[in-house]
Amino acid sequence: MNKHAKPTRLLCMLLTLLLLAACLPMGAASAASTPTSLGLAGHGLMAYNDGWVYVYGAKGQQYGDTRASDCAGLLYAYFSDLGVGGCAGGATSQVTQNCIFSDSIYSPYGIPRIHGLAVTVFDKYEPETGIYGHIGIYIGNNEAVDNSDYGTDMVRGSIYTRDWASWHLFDNGVMYPKDGWYEFDGKMVHYTGYEYDIETTVDGYYIGSDGFAQNPDGTPAAVVESMISDYYVPASEVRDWLYATGWDGDDTPDAPIDPDNPNNPGDPGDDPNVPEEPVVPSYDGEITASSVNLRSEPSTSSSVVGVLHRGDKLILQEAVEGGEASSSEGSSTLWYPVTTEYGESGYISSLFVKLSLSAPSITSDGQSVIIQAGGADVYYTVDGSDPDLNSIPYTIPIYMLGFTYKAVASRAGLVSDVTTATVLSNGEIFTDFTYNDWFAATVDKAVSLGLFKGAGNQTFSPNNLMTRAQFLQVLANMSGEDISGCVYGDEPLYSDVSPRDYFYNAVVWATEKGILSAASGVCNPNANISREEMCVMLGRFIQSTGELPEVDPTNLFTDDSSISGWAKSFVYALRDMGVVNGSGNNMFNPKGTATRAAACSLVMGYYTQHLSDSIAPAT
């Protein structure tokens, strides 16, 4: 997207938009249906094959024998065609409002094999602002399509031969394939565990490096409708898998990029296990009308830099006096110097700007708490109450860790929404629980010791269910051992555990310690762990370094008959050690699952009582 077009070309663009708005119908709208990532990728291919024309601000309107859009409008049109809406306007809005996970194409893991991801370019003039200057659609096989610019229109090409820098996972109702055969571009692709397969054989079909099933002669295999799956999962599930697999969620402009080596594995100093927040601009204004001119100077006689529309977000500087501008609402000589969400800079008359105020950000350097609000006044609390203008004013970093902070920003009579952040005693921040929650102190200690990690995006996900692999990783962390050298021998131990899995070393370590058995050849790492399974794994962990106490055979849980025979000795030993309790009425509920908060409580109960003086966990 060229944001520095000549005025003559922009005037032509305005005339085109007026014609589109006044005379031509919108593109193919339909009854609402569920958007999918494969559908979004297919939409991009359709637009490329149909030769959509680039028109700034267009969102799929009919244009002669084809249709028109700009880069963000191409993606918008997919959702509007389905009749579901929910796709924000510009590239930056689409990422910051619609996407649940973002990462750099040049991260150690590259881009995942998921059709329909969004790909973006940071504003090349000021990338540090975190504003995205262009957006397209990933269609697999390291290719993307986008509606590029005037005279260029739709482009299809490698993500490594253009300027694409980041990829993003949409979460505005989009569903994603997980396991099975799916149809894409009139061919068959097969997904296993959230990614499409390549260079392998499934159900007798060889799948090439492009992800498509092939006939023996190498031609694409025909779609077999009876084999096509309708199994899709929400973006949140894919996001959790991405974090668990190793992507760190960092797509900031300073992410490691080597322009001479598009497959650069990244800076070896980066820790892929530490998720980082992408830079999100703090917008404090928005456009209130359609087709508002962004001017090069604070005057209606100056050249037009771009055209903005109702709802477009702005970063404002202090208003200045300029030439008089008029509208149906009156006239004004005040103009705001602005940067738009598309990366353009210029002046907008105050007549067409609505002021807003972003909530403050709360960060920590491990020693203090920093609250920022782009120059606005900030007020905060640490007692659980909601802050207002009578609360504690923030002036300098606060050297108080281990509190839940709530903060608001205030400027020019506006008060922002409340930001809530729980700052642990080691400075790590989570936004999905407070110190009023029963598990907060336990989570604080477990995270500080390195036994548990967050789930990404400043969340701990305390109410999510614990998986078998996650619990094994916690035990490995608690052992304090270096497990990096724990790898398969000549033959894989488990058919469902790959060396690429984040939990791979922990699973091999647990098998070597006798905590896990490889007899069946299956680990079921992503299955939710039951209460009795946790007791068995923790009990075997204890046995690997010592002995469990003798069990009192007369003091049984009421639901003893429901406890598996292989688990009973471990359940009762941990009960007698004071590590586990019943679930009420002397019931144990052995097949019940455990949340991450409950699993954390179990582990820390054992660690605090029996291990804290004898072992230093890995951090």
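Please work out if Ser226 is open to solvent by 50 Å² or more (accessible area, probe 1.4 Å), modelled with pLDDT of 90 or more and either of a type in the set (Lys, Arg) or more than 19 Å from the chain's Cα centre (by Cα) (or both).
On the way: open to solvent by 50 Å² or more (accessible area, probe 1.4 Å): yes; modelled with pLDDT of 90 or more: yes; either of a type in the set (Lys, Arg) or more than 19 Å from the chain's Cα centre (by Cα) (or both): yes.
So Ser226 passes the test.
In the stretch 58-73, what residues are in contact with an Asp or Glu (Cβ under 6 Å, 6 or more places away or on another chain) and touching a residue at least 60 places away in the same chain (Cβ under 8 Å)?
Cys71
Collect the residues in the stretch 469-519 that are open to solvent by less than 40 Å² (accessible area, probe 1.4 Å) and either in contact with an Asp or Glu (Cβ under 7 Å, 6 or more places away or on another chain) or aromatic (Phe, Trp, Tyr) (or both), keeping them in residue-number order.
Correct list: Phe471, Cys486, Tyr488, Tyr494, Phe503, Tyr504, Trp509.
Just to confirm my filter: which strands (runs of 3 or more DSSP E) fall fully inside the stretch 64-160 and include at least 1 residues that are over 30 Å from Pro499 (Cβ atoms)?
Values: elements: 66-69, 99-104, 118-122, 132-140, 143-147, 154-158.
Filter on the stretch 64-160 gives 66-69, 118-122, 132-140, 143-147, 154-158.
Yes or no: Ser349 modelled with pLDDT of 85 or more, more than 23 Å from Ala409 (Cβ to Cβ) and of a type in the set (S, T, N, Q)?
Values: modelled with pLDDT of 85 or more: yes; more than 23 Å from Ala409 (Cβ to Cβ): yes; of a type in the set (S, T, N, Q): yes.
Here the answer is yes, as Ser349 does meet what is asked.
Give all pairs with beta carbons closer than 6 Å in which a residue from the stretch 535-561 that is touching a residue at least 12 places away in the same chain (Cβ under 8 Å) and polar (S, T, N, Q) meets a residue that is open to solvent by 50 Å² or more (accessible area, probe 1.4 Å) and in a loop (DSSP other than H, G, I, E, B); count only pairs at least 6 apart in sequence or on separate chains.
Ser544/Lys513; Thr558/Asn586; Thr558/Met587
In the stretch 166-207, what residues are open to solvent by 20 Å² or more (accessible area, probe 1.4 Å), hydroxyl-bearing (Ser, Thr, Tyr) and closer than 16 Å to Arg113 by Cα?
Thr192, Tyr194, Thr200
Just checking, does the stretch 294-310 include any residue being among the basic types (Lys, Arg), more than 23 Å from the chain's Cα centre (by Cα), over 30 Å from Arg500 (Cα atoms) and at pLDDT below 90?
Pass one, the stretch 294-310, residues among the basic types (Lys, Arg): 295, 310.
Filter again for more than 23 Å from the chain's Cα centre (by Cα), leaving 295, 310.
Next, only the ones that are over 30 Å from Arg500 (Cα atoms) stay: 295, 310.
Applying the additional criterion that residues be at pLDDT below 90 yields 310.
Taking every residue of the stretch 294-310 in turn, at least one turns out to be among the basic types (Lys, Arg), more than 23 Å from the chain's Cα centre (by Cα), over 30 Å from Arg500 (Cα atoms) and at pLDDT below 90.
Please go through the stretch 362-376 and give me each residue that is open to solvent by 30 Å² or more (accessible area, probe 1.4 Å) and part of a strand (DSSP E or B), ordered by number.
Answer for the stretch 362-376, where residues must be open to solvent by 30 Å² or more (accessible area, probe 1.4 Å) and part of a strand (DSSP E or B): Thr363, Ser364, Ile370, Gln372.
Results for (1) modelled with pLDDT of 95 or more; (2) closer than 22 Å to Cys535 by Cα, shown as yes or no for each residue.
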site	(1), (2)
Asp444	yes, no
Ala455	no, no
Asn477	no, yes
Gly480	no, yes
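Looking at Glu491, Glu532, can you tell me which residue is of a type in the set (D, E, K, R) and free of Cβ contacts under 8 Å to residues at least 12 places away in the same chain? Show your work before the answer.
Values: Glu532 fails: free of Cβ contacts under 8 Å to residues at least 12 places away in the same chain.
After applying the criteria, what remains is Glu491.
Where the second residue is at pLDDT below 95 and open to solvent by 40 Å² or more (accessible area, probe 1.4 Å) and the first is closer than 22 Å to Tyr206 by Cβ and small (Gly, Ala, Ser) and lies in the stretch 169-185, which pairs have Cβ atoms under 7 Å and are six or more apart or on separate chains?
Close Cβ pairs (under 7 Å, with a partner that is at pLDDT below 95 and open to solvent by 40 Å² or more (accessible area, probe 1.4 Å)) amount to Gly180/Tyr231.
Part of a loop (DSSP other than H, G, I, E, B), in contact with an Asp or Glu (Cβ under 8 Å, 6 or more places away or on another chain) and surrounded by fewer than 16 Cβ atoms within 10 Å (Cβ to Cβ): is that true of Asn524 in this structure?
Working: part of a loop (DSSP other than H, G, I, E, B): yes; in contact with an Asp or Glu (Cβ under 8 Å, 6 or more places away or on another chain): yes; surrounded by fewer than 16 Cβ atoms within 10 Å (Cβ to Cβ): yes.
When the stated conditions are applied, Asn524 passes them.
Would you please name the residue that is farthest from Asn293 (Cα to Cα), looking only at residues in the stretch 384-400 that are of a type in the set (S, T, N, Q) and open to solvent by less than 60 Å² (accessible area, probe 1.4 Å)?
In the first step, residues of the stretch 384-400 are kept if they are of a type in the set (S, T, N, Q); the result is 385, 390-391, 395.
Those left that are additionally open to solvent by less than 60 Å² (accessible area, probe 1.4 Å): 385, 391.
Details: Ser385: 43, Ser391: 41 Å.
My answer is Ser385.
Out of the stretch 82-110, which residues are of a type outside the set (Gly, Ala, Ser), at pLDDT 85 or above and open to solvent by less than 20 Å² (accessible area, probe 1.4 Å)?
Passing the criteria: Thr92, Gln94, Val95, Asn98, Phe101, Asp103, Ile105.
Name every residue in the stretch 190-218 that is of a type in the set (Val, Ile, Thr) and over 21 Å from Tyr232 (Cβ atoms), in order of residue number. Break it down into steps so the answer makes sense when it comes.
Of the residues in the stretch 190-218, the ones of a type in the set (Val, Ile, Thr) are 192, 198, 200-202, 207.
Across the stretch 190-218, the qualifying residues are Thr200, Thr201.
Out of (1) within 22 Å of Asn464 (Cβ to Cβ); (2) at pLDDT 90 or above; (3) outside any helix (DSSP H, G or I); (4) not acidic (Asp, Glu), the odd one out for Ser583 is which?
The one condition Ser583 does not meet is (2).
Inspect the stretch 171-193 for any residue being within 19 Å of the chain's Cα centre (by Cα), outside any strand (DSSP E or B) and more than 21 Å from Tyr76 (Cβ to Cβ) and give the result as yes or no. Reasoning before the result, please.
Narrowing the stretch 171-193 to residues within 19 Å of the chain's Cα centre (by Cα): 171-178, 193.
Okay, now just the ones that are also outside any strand (DSSP E or B), so 171-174, 178, 193.
Remaining after also requiring more than 21 Å from Tyr76 (Cβ to Cβ): 178, 193.
Within the stretch 171-193, one or more residues are within 19 Å of the chain's Cα centre (by Cα), outside any strand (DSSP E or B) and more than 21 Å from Tyr76 (Cβ to Cβ).
For the stretch 208-223, how many residues meet the condition of being outside any loop (DSSP other than H, G, I, E, B) and either in contact with a Gly (Cβ under 7 Å, 6 or more places away or on another chain) or open to solvent by 60 Å² or more (accessible area, probe 1.4 Å) (or both)?
Of the residues in the stretch 208-223, 2 are outside any loop (DSSP other than H, G, I, E, B) and either in contact with a Gly (Cβ under 7 Å, 6 or more places away or on another chain) or open to solvent by 60 Å² or more (accessible area, probe 1.4 Å) (or both).
I'm trying to understand the selection: among the residues of the stretch 536-567, which are of a type in the set (Ser, Thr, Tyr), open to solvent by 70 Å² or more (accessible area, probe 1.4 Å), part of a loop (DSSP other than H, G, I, E, B) and at pLDDT 90 or above?
Of all residues in the stretch 536-567, those of a type in the set (Ser, Thr, Tyr) come to 544-545, 554, 558, 561-562, 564.
Filter once more, so that each one left must be open to solvent by 70 Å² or more (accessible area, probe 1.4 Å): 545, 554, 558, 561.
Among the residues that remain, those that are also part of a loop (DSSP other than H, G, I, E, B) are: 545, 554, 558.
Passing the criteria: only Thr558.
Consider Thr381 against the criteria (1) surrounded by fewer than 20 Cβ atoms within 10 Å (Cβ to Cβ); (2) over 26 Å from Phe433 (Cβ atoms): it satisfies all of them except one. Which criterion is unmet?
Just one mismatch for Thr381, condition (2).
Quick one: in the stretch 413-445, which of the residues that are in contact with a helix residue (DSSP H, G or I) (Cβ under 9 Å, 6 or more places away or on another chain) and more than 13 Å from Gly402 (Cα to Cα) is most open to solvent (accessible area, probe 1.4 Å)?
Across the stretch 413-445, the extreme among qualifying residues is Trp438.
Which residues, counting only those in the stretch 568-580, are outside any helix (DSSP H, G or I) and crowded, with 19+ Cβ neighbours inside 10 Å? Break it down stepwise before answering.
To start, the set of residues in the stretch 568-580 that are outside any helix (DSSP H, G or I) comprises 577-580.
Within the stretch 568-580, Val579, Val580 meet the criteria.
Identify, please: which residue in the stretch 53-63 is in contact with a Leu (Cβ under 8 Å, 6 or more places away or on another chain) and part of a strand (DSSP E or B) and is, among those, least open to solvent (accessible area, probe 1.4 Å)?
Pass one, the stretch 53-63, residues in contact with a Leu (Cβ under 8 Å, 6 or more places away or on another chain): 55-58, 60-63.
Of the ones still in play, those that are also part of a strand (DSSP E or B) are 60-63.
On the way: Gly60: 1, Gln61: 29, Gln62: 64, Tyr63: 80 Å².
Top of the filtered list is Gly60.
Read through the list (1) touching a strand residue (DSSP E or B) at 6+ places or on another chain (Cβ under 7 Å); (2) farther than 30 Å from Tyr63 by Cα, then give the number of the only condition that Ile159 fails.
So Ile159 meets the others, but not (2).
The values are calculated or read from the model by the stated rules, or taken from the named source; none is laboratory data. Values in this document were obtained by computation on a predicted structure and should not be read as measured data. Because the Cβ atoms are built from the backbone with ideal geometry, glycine has one as well, and the counts that use them run over all protein chains shown. Areas reflect the complete protein model, heavy atoms only, side chains present, ligands, DNA and RNA absent. Shrake-Rupley method; radii C 1.70, N 1.55, O 1.52, S 1.80 Å.
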